[in-house]
Amino acid sequence: MLNIVKQFAHQLISPEGAGRAKYTIFKELLKQDRHAHDMLAELEELYYQHKKVDINVVNRLFNELSTAVSTMVSCLSHLAPGSYGNLRDYYKKFDFYARFALSPPEIDTSPPFILPINGFYDNDLQVGGKGFHLAQVKEILGLPVPEGFVISTSAYNFFIEKNGLKHRVYDLLSRLDSNSPSLYKEISEKLTSLILNADVPTNLEKTIIFSFEELRKGSGTELFALRSSAVSEDSHISFAGQYSSILQVDKSILIASYKKVLAGKFSPRALYYRIMNGILDDATPMAVLVLEMIDAEASGVITTINPTDRNNDDIFIHTVRGLGESLVGGKISPETIIVKKKDDGVIFKRQSPARGRNSTQHTSFTLSDKDALQLAAWARQIESFYNTPQDIEWSLDRHNRLFLLQARSLHVQEKSEKTDIPKTEGIPVLLQGGEAASRGVACGRIYHLDNENNMHMIPEGAILVTPVTPPSYVRILDRLAGVVADQGSAADHFASVAREFGVPVLVKTGNACLKLQEGSTVTLWPDEKKVLDGHIDSLLQHYKPVKSPHAQSPFQRAFKMVIDFISPLQLVNPDDPAFIPESCRSLHDIIRFAHEKGVQAMFSQAREGFIRKAGAKRLKSVVPLNFFVLDVGGGIKKNTTEKEIGLDDLRSIPLLALWKGLTHKGVKWSEHDHFDWKSFDDVTLAGGVAGKDDSAFASYAVVSRDYLNLNIRFGYHFALLDSLCGSIPEENYILMRFAGGGGDSSGKSLRLDFIAEILSRLGFSTKQKGDLLDARLMRYDEQTTSDKLDMLGRLLGATKLMDMILLDSHMVEKAVDEFMNGRYDFSKT
């Protein structure tokens with residue numbers, strides 16, 4: 001009620017100021033409407049096109065959308081005070097539920113910050129996935145694991161909180177764009193810099209150093225490995241090779257190394273992998289394993305089944321000399337021992353590593369039968385415990401002791417059971433040999449990559465040919481049709497992730513970089529260890545790719561809830577009695593409602609007598625109207641002080657367009673100069689009575705550079721018009737109402753039929769009720785809107801007294817055709 005009183009008082013005291021304020025608020029509403037639609041469109045595109053982004057991107061876009069909608073509601077409350085007070089309540093409701101869906105999980109920052117590697121844990125929430133599995137392997141299965149401890153996830157959360165990094169991390173994550181590898185790198189560098197430049201809180205640092213000293217004394221060694229162990233790592237989503245491990249760590253670099261492992265959470269490859277799998281950043285806090293550094297004679301990976309063929313459940317033991325980083329990093333090919341699981345551990349076959357331009361003799365290592373069978377036995381035990389195929393890392397130290405370093409679920413592809421494989425005889429084979437690391441068929445152009453810095457240059461749908469397959473290549477997997485590598489292994493981290501994503505990979509070819517020509521179109525067929533010349537569509541159709549990532553990810557579940565509260569549109573018809581705040585079911589409904597009612601509020605200002613003569617200037621023109629103009633911003637030439645102005649003083653685009661039509665040479669005004677609008681004692685206007693000395697006899701226009709609100713009167717009838725005509729098509733509109741008339745009811749009805757048909761032909765939507773006709777045209781560009789206003793001016797001039805001229809529908813049809821053919825004077829029938 002107070003807003004209503006203030007607005008009414010402001011109108012009485014300063015109609016010009018009130019008009020300008022209302023126009024300014026209206027323009028703000030339109031600006032926020034446009035921004036809200038932009039944000040809604042971006043969110044809908046992300047959701048319905050299944051684009052992969054961080055949840056913080058959704059959060060940022062939603063915040064902008066919500067702020068825009070809130071501002072629209074505020075603007076509407078000023079434009080139509082007291083009319084839609086409960087609209088704010090519905091906005092708050094939808095905003096709350098969407099924010100609830102986007103809210104991060106509760107963060108635990110409380111001790112203990114150090115946990116034993118030989119503890120019993122219910123889940124991975126405190127020790128991360130790697131730590132959780134190693135603890136089970138050590139304590140439940142009793143298998144050899146290096147001594148060590150875990151710096152818990154709550155320590156990571158405590159580190160982030162004490163340094164005030166949470167919202168800075170959120171902000172940077174909200175800028176990620178999956179289509180821009182360079183932006184991933186840039187954001188990653190900023191995120192890792194935040195971590196590396198932050199201080200480990202004093203009490204946490206002391207706790208870590210104390211535990212490190214205790215471990216050093218107990219183990220008798222000076223060097224240790226710090227390995228990532230994030231929550232969800234080594235689960236059904238492997239994060240294979242995506243995080244960081246720091247080897248050969250002594251006390252002098254302990255804290256710096258701890259921060260490096262934490263910072264690895266934000267490497268480009270880790271960011272990409274997490275986002276592609278729909279995992280939320282807050283759901284992957286980082287624990288860190290501190291383990292004895294194994295002085296490795298040999299290392300490797302065990303898979304308890306062929307990862308590219310579920311029907312082949314032999315055990316595969318991959319071995320390299322020294323540390324296993326070069327193997328899992330895809331830099332070299334290992335020796336492989338195949339152990340028959342069904343024959344009680346009989347060594348079936350030994351396969352030598354691939355030889356090529358990047359291979360070296362000293363990397364190979366021949367594991368003894370005894371050690372191979374021991375590893376196979378442990379692998380069967382672990383597989384049985386978890387009841388799923390396993391990917392296990394191991395190491396043999398220089399004292400001939402075996403250790404298990406990691407155990408995680410192995411993603412296994414199904415081998416095609418189809419027998420009707422298309423014939424490829426006669427098609428040139430460009431490359432034969434190697435090992436299928438990920439099954440399927442892919443076609444594309446060859447692209448050679450020798451340097452990670454050139455990854456952003458790889459075209460969409462390429463077949464990547466590379467010497468090696470490091471885990472960093474994971475972040476371009478969604479752009480690749482397939483991969484061929486000189487080295488690499490089905491056991492390396494890149495291959496593991498490629499299988500998850502369903503990207504065909506052929507490794508251990510030895511010489512693909514030499515044999516496959518850049519730019520040539522090929523068909524990659526890892527199942528048959530072949531690269532064929534050309535695009536073989538029959539193979540592609542036979543082996544339709546199956547993308548693995550996880551349909552109902554946490555990201556998608558949260559995003560769906562957000563979309564449900566922002567996107568559906570129920571309010572579509574402004575004339576429906578149900579077009580009320582109570583019918584709003586989403587922010588989209590509120591946007592629609594606020595825009596529609598805002599436009600109506602501006603349209604109604606002329607009908608409600610929003611302005612009178614005070615502050616307005618009289619327009620001199622050949623049109624015999626008592627016409628006043630009130631400028632609220634750029635509608636009249638600057639420094640115009642006269643109370644009367646001419647057309648040369650006007651700058652309002654919509655008014656000039658309308659006046660162009662009113663003064664068209666085909667519109668005749670002189671024949672009606674004898675009609676004195678002021679000669680009547682009373683004039684009935686749309687249900688109200690105005691005296692002859694009342695300012696209601698005049699016509700008024702509120703204008704700006706791109707806005708017009710018009711009340712124009714021709715004796716017994718009048719027209720109201722509200723229009724925005726500017727450079728932004730989405731904001732442009734024309735609303736118009738015709739009413740009244742001096743003829744009988746039949747004549748008035750025929751006149752409205754005439755006007756309605758012309759408006760329909762001009763592209764307007766119309767609605768007729770009694771002697772009122774409402775019309776609207778929305779979202780056309782500036783030139784088209786100007787042209788329509790020009791035609792409206794001609795229509796207004798042509799219909800001055802038509803209610804007294806038209807006698808039947810035949811005359812209406814004839815007059816409509818004549819108007820559309822350029823006749824604008826119907827004074828003589």
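The values are calculated or read from the model by the stated rules, or taken from the named source; none is laboratory data. Quantities reported herein were computed from a predicted structural model and do not represent experimental measurements. Here the Cβ is made from the backbone with ideal geometry for all residues, glycine too, and neighbour counts use every protein chain on show. The protein model used for the area step is the full one, side chains on, heavy atoms only, and it has no ligands, DNA or RNA in it. Shrake-Rupley method; radii C 1.70, N 1.55, O 1.52, S 1.80 Å.
Points worth noting:
- Candidates L134, L125, L143, L176, filtered to the one that is hydrophobic (A, V, I, L, M, F, W, C) and either farther than 22 Å from S232 by Cα or without any contact (Cβ under 8 Å) to a residue 12 or more places away in the chain (or both): L143
- Residues in the stretch 141-166 that are open to solvent by 10 Å² or more (accessible area, probe 1.4 Å) and part of a helix (DSSP H, G or I): Y156, N157, F158, I160, E161, K162, K166.
- The stretch 445-457 - residue that is of a type outside the set (D, E) and open to solvent by 10 Å² or more (accessible area, probe 1.4 Å) and, of those, nearest to G534 (Cα to Cα): R445
- In the stretch 76-88, residue most open to solvent (accessible area, probe 1.4 Å) [restricted to those that are closer than 17 Å to H588 by Cβ and not basic (K, R)]: Y84
- Within the stretch 17-49, the residues that satisfy the criterion of being open to solvent by less than 60 Å² (accessible area, probe 1.4 Å) and under 10 Å from the mean Cα position of the chain (by Cα) are M39, L40, A41, L43, E44, L46, Y47.
- Options S621, S538: the member that is outside any loop (DSSP other than H, G, I, E, B), open to solvent by 10 Å² or more (accessible area, probe 1.4 Å) and either modelled with pLDDT of 80 or more or farther than 30 Å from Y700 by Cβ (or both): S538
- Subset of the stretch 783-807 (residues that are farther than 18 Å from R761 by Cβ, surrounded by fewer than 18 Cβ atoms within 10 Å (Cβ to Cβ) and touching a residue at least 12 places away in the same chain (Cβ under 8 Å)): M804, L807
- Answer residue from the stretch 305-330, given it is small (G, A, S) and surrounded by fewer than 24 Cβ atoms within 10 Å (Cβ to Cβ) and is nearest to F365 (Cα to Cα) among those: G322
- Count - residues of the stretch 282-304 that are open to solvent by less than 20 Å² (accessible area, probe 1.4 Å) and under 22 Å from A491 (Cα atoms): 8
- Filtered residues of the stretch 458-503 (kept if of a type in the set (D, E, K, R) and open to solvent by less than 10 Å² (accessible area, probe 1.4 Å)): D486, D492, R499, E500
- Residues in the stretch 36-55 that are in contact with an Asp or Glu (Cβ under 7 Å, 6 or more places away or on another chain) and more than 20 Å from D564 (Cβ to Cβ): D54 only.
- Exactly one residue among S103, S110, S66 is without any contact (Cβ under 8 Å) to a residue 40 or more places away in the chain and either buried (at least 19 other Cβ atoms within 10 Å of the Cβ) or within 30 Å of V127 (Cβ to Cβ) (or both), and that residue is S103.
- Filter result (open to solvent by less than 50 Å² (accessible area, probe 1.4 Å) and aromatic (F, W, Y)) within the stretch 190-212: F212
- Residue match in the stretch 153-161 (condition: closer than 30 Å to R380 by Cβ and touching a Phe, Trp or Tyr at 6+ places or on another chain (Cβ under 6 Å)): no
- For the stretch 92-140, the set of residues classified as of a type in the set (F, W, Y), touching a Leu at 6+ places or on another chain (Cβ under 6 Å) and not in a loop (DSSP other than H, G, I, E, B) consists of F94 only.
- Selection status of V169, crowded, with 16+ Cβ neighbours inside 10 Å, assigned to a loop (DSSP other than H, G, I, E, B) and at pLDDT 95 or above: no
- Listed by first and then second residue, the pairs linking a residue in the stretch 279-301 that is outside any strand (DSSP E or B) to a residue that is open to solvent by less than 20 Å² (accessible area, probe 1.4 Å) and among the charged types (D, E, K, R), with Cβ atoms under 8 Å apart and 6 or more places separating them unless they lie on different chains, are D281/D54; D281/R274; T284/E233; T284/K265; T284/R274; I294/D397; D295/D397.
- Exactly one residue among V702, V667, V689 is at pLDDT below 90 and in a loop (DSSP other than H, G, I, E, B), and that residue is V667.
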